[in-house]
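Worksheet: the structure to be examined is printed underneath.
The values are calculated or read from the model by the stated rules, or taken from the named source; none is laboratory data. On a predicted model such as this, the values are computed, not experimentally measured, just so you know. Every residue, glycine among them, receives a Cβ derived from its backbone with ideal geometry; neighbour counts consider all protein chains shown.
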Amino acid sequence: MTRPAPREESRSLRLYARLLELYPTAFLQRHRAEMLQNFADLEDATASKAALWLLIGKDLTMSLIPHFFGSRLGHYVIAVLVTWILLFVVWYLFYGPTPGRPVLHAFPGVLLGMLSLYVATRLHGTPQGSLYVIGALVAAILLFTIGYFRYDSMPGHSILQVFGGFLIGMLSMSVAIRVYGMP
């Protein structure tokens, strides 16, 4: 009797395996193989990759959010988000969507900066020891500097405020990870 040839691992399965690294290590040690097998079975049974990834995205979001926000780092992120949202709302109520109001444009940059550093740190290790994380920070600083010199004649340009917020978000998440540790 001949065995069937081993199936080559799909790109979707490899991507899902990387996304599983967002879960806590102790959880992965117990459930990683089972989760990968379930994904492979779902991938074989599903006709649409888009439907599969919508289901996986929903599952990852629903299972990671309670874990993250239950940690000390999650409490810090909640405090930062509430503070920024209050600043955003108060500033918007007083000044409206007028140009030259950096808090309105820095807010999305802060969120993106915090999220990008969290995901990069979770996937690639601590900010101190990962070239990827350091590279992302250096790239953001370079983009900000280039944007600053490119739009120097237009003070208060919104792209500068978004990138400035991005850098503030990365910095605040870096400090929080050092103080509170990863969840």
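Numerical summary
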read-out	value
Residue within region 99-116 that is closer than 28 Å to Ser10 by Cα and either at pLDDT 75 or above or in a helix (DSSP H, G or I) (or both) present	yes
Selected residue (only one of Gly74, Gly70 is touching a residue at least 40 places away in the same chain (Cβ under 8 Å), closer than 20 Å to Ala120 by Cβ and among the small types (Gly, Ala, Ser))	Gly74
